[in-house]
Amino acid sequence: MPSALEILQKTFGYPSFREQQETIVKHVLDKQDTFVLMPTGGGKSLCYQLPALMMEGVTIVISPLIALMKDQVDALRLNGVAAAYLNSSLSSSDQYKITQQLRANKLKLVYLAPERLMKTENEFIAFLKTLTISLIAIDEAHCISQWGHDFRPEYLMLARLKKEFPHVPVIALTATADRITQKDILEKLELRNPVTFVSSFNRPNIRYTVEPKRNNLEKLIDFLEKRRNDAGIVYCLSRASTESVATQLQMRGFKALAYHAGLEKEIRTRHQDWFLKDEVKIIVATIAFGMGIDKSNVRFVVHMDLPKSIESYYQETGRAGRDGLESEALLYYGYGDVAKLKGFANVEDNPEQTRINLQKLDKMASYGDLLTCRRKFLLNYFDEEAPDYCGHCDICLTRLERVDSTIIAQKALSAVYRLKERFGTLYVVDFLRGSQSEKIRPEHKALKTYGAGADLSKEDWIRYINELIATGYLCKAEGLYPILQLTAKSFDVLNGTQPVLLTKSKQIIEIAAPAQLPHEKELFSQLKVLRKIIAESENVPAYIVLSDATLLELATYLPQSKEEFSKISGFGEVKLEKYGEPFGQVVTEYCGKKGLSSRIILKRPGRVRRANGKIIGDTKMQSFELFKKGISIEEIAHQRNLSPVTVEGHLAHYVAFGEIEVTRLVPPEKIKIIEEAIHQHGVEKLAPIKEALGEGYSFGEIRVVMAHMNFRSEF
């Protein structure tokens with residue numbers, strides 16, 4: 001029997017395992033129950049697909065959506081794996097054929113909906129008991145938990161699986177679950193001494209941005225104009241909004257369609273199919289769309305409205321960039337969304353569920369109001385440590401100009417005080433602006449502070465109040481009514497002993513285009529055309545034939561032989577035999593016309609092995625090894641498909657251990673100046689140091705000098 005690594009390479013075409021995949025596979029092969037929490041695009045499917053090929057019998061995969069099943073099965077079949085799905089989309093005769101294949105032991109994986117298991121008084125369970133079941137995989141396992149963000153009652157039936165198949169190992173997998181949901185999943189499924197794996201939630205290739213929800217349709221169109229050739233998802237809160245936004249985009253010449261639960265099933269299926277096959281570039285959808293969608297080349301996810309929880313937001317944004325290429329997550333945020341969603345958070349006769357829903361919504365609102373790194377907030381929410389600066393979200397890429405705004409702060413705090421801390425943001429703002437609305441109580445119009453802020457717009461006051469909350473001068477009460485309340489810091493401001501700096505303006509820091517492999521763009525386009533032709537002939541989405549990431553490698557390294565093609569990620573043995581020749585012909589002809597030769601020697605290897613067999617998989621070490629060969633930071637970033645900021649962080653690690661001389665990364669004349677700024681401002685946060693140093697210094701240089709000072713034991 002080939003090893004797991006050999007099957008990974010030959011069947012799936014990947015040179016090495018990612019993160020915890022290898023260890024997870026080993027535990028499954030040892031027939032241990034396993035729980036896997038791994039972000040979207042992290043490679044969850046391989047954690048059960050690969051063991052399925054190494055174990056005797058068939059693996060049963062429980063999946064909630066027909067589209068996901070079809071995608072997974074199509075992809076497996078293109079890799080030469082015997083797989084099928086059983087669901088309501090198949091005719092009776094097709095379903096009968098698959099049951100016959102199962103009886104004949106001709107399938108390695110079969111995908112089922114949870115309700116199929118318990119159909120017709122456990123008749124199907126009885127049928128499965130006649131087969132050799134090697135493994136049961138439960139995908140989207142968070143659906144079993146009422147504390148999760150996508151509870152599905154039919155998943156509760158899966159609790160019986162361990163009773164019906166006590167000796168069959170179970171692997172449960174999900175991309176998003178907080179601690180209470182994780183605990184609930186394990187209890188509900190009744191797994192036996194499960195081994196739990198929690199991977200990093202960081203998606204470094206996704207850039208997170210939040211913009212005010214003003215003129216958001218025009219902003220959306222501006223955003224999409226720069227991405228006309230990219231595929232993306234636009235999420236809206238209501239069905240009516242999806243129809244309206246899709247129509248507006250169509251009128252502007254975008255290939256966009258709506259998707260929501262109110263459409264006829266046939267229309268939904270058609271729209272989804274066109275999107276998967278790149279006939280339509282943009283799907284405007286409610287949250288009814290997307291769970292389990294495996295489309296790897298989604299380049300952006302836009303939220304026109306606030307999601308109900310961080311889990312929902314993280315999972316929905318995670319549908320972008322599954323192929324590892326640079327992608328964007330954009331949220332239009334307005335406080336009105338919070339008020340609207342609070343109305344949906346109430347669960348009748350279930351105060352505990354209501355409390356949790358409101359708590360999750362408050363966290364989501366906090367994300368919209370952030371003044372600190374968005375990536376750090378997301379990772380911390382899932383109990384993962386993160387640096388204060390990621391270099392790849394709007395907060396980290398924005399320079400704020402703050403000015404003395406003590407009088408503005410005093411007006412806001414005084415309004416909250418005089419209104420006896422009993423009202424929310426919108427009422428306080430209307431009160432400050434002297435609104436004549438009937439909502440303002442007559443007795444409040446007689447107060448001294450009424451109308452004291454009439455010189456500022458409603459949007460400005462909301463922004464200032466949110467900033468006062470973020471900086472601890474105000475707070476919001478938890479629960480259905482988020483009234484504004486004073487804090488201990490408030491009274492120093494009201495007494496005139498504490499000045500307040502608030503943001504006057506924002507300036508986006510111009511950064512270089514996201515790191516991307518230096519590929520032949522014309523060839524990349526030609527390869528996409530060929531892929532589309534093949535996909536149409538096989539009636540599958542283009543990304544299932546080969547991903548954008550694979551085409552990018554072809555257009556970068558220009559392989560000229562079958563052996564060189566086998567070094568391109570995504571070309572397993574079956575795909576190499578099937579597609580190697582047509583794609584090779586396009587590459588060879590292009591290189592002939594342009595006078596180019598193979599660059600495969602530049603391709604970074606997969607993880608290498610030491611003589612003792614231990615795998616060297618440390619990402620910092622890979623950057624270090626390339627740097628030792630004289631390759632520049634920018635080129636390392638290109639080769640490794642990372643940002644230069646990330647590579648600088650890798651190399652700083654080796655500066656801290658004295659393995660790289662600091663002067664190789666920072667000009668000597670800058671080092672002393674940076675050291676003085678660090679001594680003056682401390683090491684807790686980089687932003688004040690960067691602000692003091694000005695334009696000519698980068699965050700990367702500051703990190704490297706800090707690492708050097710650490711090596712010299714200066715702090």
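No lab work stands behind these numbers, since they all come straight from the coordinates. Just so it is clear, the structure is predicted and the values come from calculations on it, not from any experiment. Please note: Cβ atoms are built from the backbone with ideal geometry, for glycine as well, and neighbour counts cover all protein chains shown.
Each part gets one Cα centre, and for the stretch 9-45 versus the stretch 176-205 those centres are 15 Å apart. If you take all other residues with their beta carbon under 15 Å from the beta carbon of residue 270, and give Lys and Arg +1 and Asp and Glu -1, the sum is 0. Need one number: the % of Cα-Cα pairs in the stretch 137-245 sitting beyond the 25 Å mark. Here the long-distance tail beyond 25 Å is 47 percent of all Cα pairs in the stretch 137-245. Please determine, in degrees from 0 to 90 and to the nearest 10, the orientation of helix 92-103 with respect to the longest principal axis defined by the Cα atoms of the chain, where the helix direction is its Cα long axis. That works out to roughly 70 degrees. Counting only residues at least eight positions apart within a chain, or on another chain, the lysines with an alpha carbon under 21 Å from that of residue 363 are 183, 213, 308, 340, 342, 376, 476. Of all lysines in the structure, the ones whose alpha carbon falls short of 17 Å from that of residue 188, not counting any fewer than 8 places away in one chain, are 162, 163. Determine the gain in length on full extension of the stretch residue 634-residue 441; use 0.36 nm per residue of separation and subtract their C-alpha separation, reporting nm with one decimal. Gain in length upon complete extension: 63.4 nm. Which residues does the label zone of residue 577 cover in the stretch 1-26, counting backbone N under 18 Å from a point 7 Å along Cα→Cβ? Counting backbone N atoms under 18 Å from the label point, the list is 2, 6-14. Axis angle, to the nearest 10 degrees, between helix 351-368 and the longest C-alpha principal axis of the chain: 80 degrees. For the chain, the antiparallel share of DSSP beta bridges with both residues in that region comes to about 20%. Looking at the stretch 250-328, the GluC sites (Glu not before Pro) that sit in a DSSP loop and have at most 12 other Cβ atoms within 10 Å of their own Cβ are 264.
Taking label positions 7 Å along the Cα-Cβ direction at both residue 261 and residue 680, the computed distance is 5.8 nm, reported to one decimal. The label-point distance for residue 598 and residue 269, in a model that sets each label 7 Å from Cα toward Cβ, rounds to 4.6 nm. Peptides 9-16, 340-347, ordered by how many other C-beta atoms sit within 10 Å of their residues on average, highest first, read 9-16, 340-347.
Nearest 10 degrees, 0 to 90: what angle lies between the long axis of helix 458-470 and the longest principal axis of the chain (Cα atoms)? Once rounded, the angle reads 80 degrees. According to the Kirkwood relation over distinct C-alpha pairs, the hydrodynamic radius of the chain is 28.2 Å.
Net charge in the neighbourhood of residue 281 (other residues with Cβ under 12 Å of its Cβ; Lys, Arg +1, Asp, Glu -1) is +3. Shown is the FRET efficiency for residue 533 and residue 420, computed with R0 = 56 Å from the Cβ-Cβ distance and rounded to the nearest 0.05: 0.20. Listed by chain and number, the aspartates and glutamates placed with their C-alpha closer than 19 angstrom to that of residue 439 are 421, 430, 459; residues fewer than eight positions away on the same chain are left out.
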